[in-house]
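Values quoted throughout were computed directly from the atomic coordinates according to the rules given, and no laboratory measurement underlies them. Please read all numbers here as calculations on a predicted model, not as lab measurements. Glycine also receives a Cβ, built like all others from the backbone with ideal geometry; neighbour counts cover every protein chain displayed.
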Amino acid sequence: MRHHVRTAGRGLLAATLALGLPLGAAAQTTMTGSQQVALLHSALVHFDSETATLASMRNHIPSHEVVTVAVTGSMMAGGSRSTMARWSTRHAALQDALNKATIADVDRNNGQSEDQSSLAEYLQHLNIDPSHVVAVDVDPRNDPQNPRVTVFYRR
């Protein structure tokens with residue numbers, strides 16, 4: 001068991017370093033730094049499945065369930081050519097998922113019906129460039145119909 005934990009830890013570190021992401025992240029949330037790092041590492045390890053989950057969501061995501069976390073550092077620094085090639089393909093899939101997932105902006109104060117937009121459009125509304133998103137974490141534990149979506153992006 002201990003060997004698997006060490007191997008997984010090395011894999012997380014390697015993924016983080018290959019993408020040039022920092023070991024720490026500054027968040028716009030109430031998560032602690034260690035929680036942010038753990039969630040970022042999990043999102044990177046499960047990148048393909050998290051992206052597929054986001055792309056296949058049928059329900060609108062309530063805007064209050066979208067959490068954005070800024071990470072610093074250059075995304076491709078230190079990566080090999082094969083890592084960069086794989087990242088390009090994965091990043092394209094992530095961009096597609098951001099355009100497919102829909103957000104219901106339930107934070108309206110005027111009593112009108114909620115606005116709906118893609119997650120990419122919603123991020124732009126928050127002044128976050130969707131092309132800077134490096135990973136997502138879709139957490140359906142509290143409500144499978146309205147999962148919390150954490151979006152990690154580089155500044």
* Amide proton proximity set for Ala101, modelled H, under 5 Å, gap of 5+ -> Leu119
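So, R0 is 22 Å and r is the distance between the beta-carbons of Arg155 and Gln95; what FRET efficiency does that work out to, to 0.05?
E(calc), rounded to 0.05, equals 0.80.
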* Asked: Quick one: if you stick a label point 7 Å off each Cα along the C-beta vector at Ala70 and Gln116, how many nm between them?
  -> 3.2 nm
* Structure fact -> Taking 125-134, 33-42 and ranking on average Cβ neighbours within 10 Å, highest first, one gets 33-42, 125-134
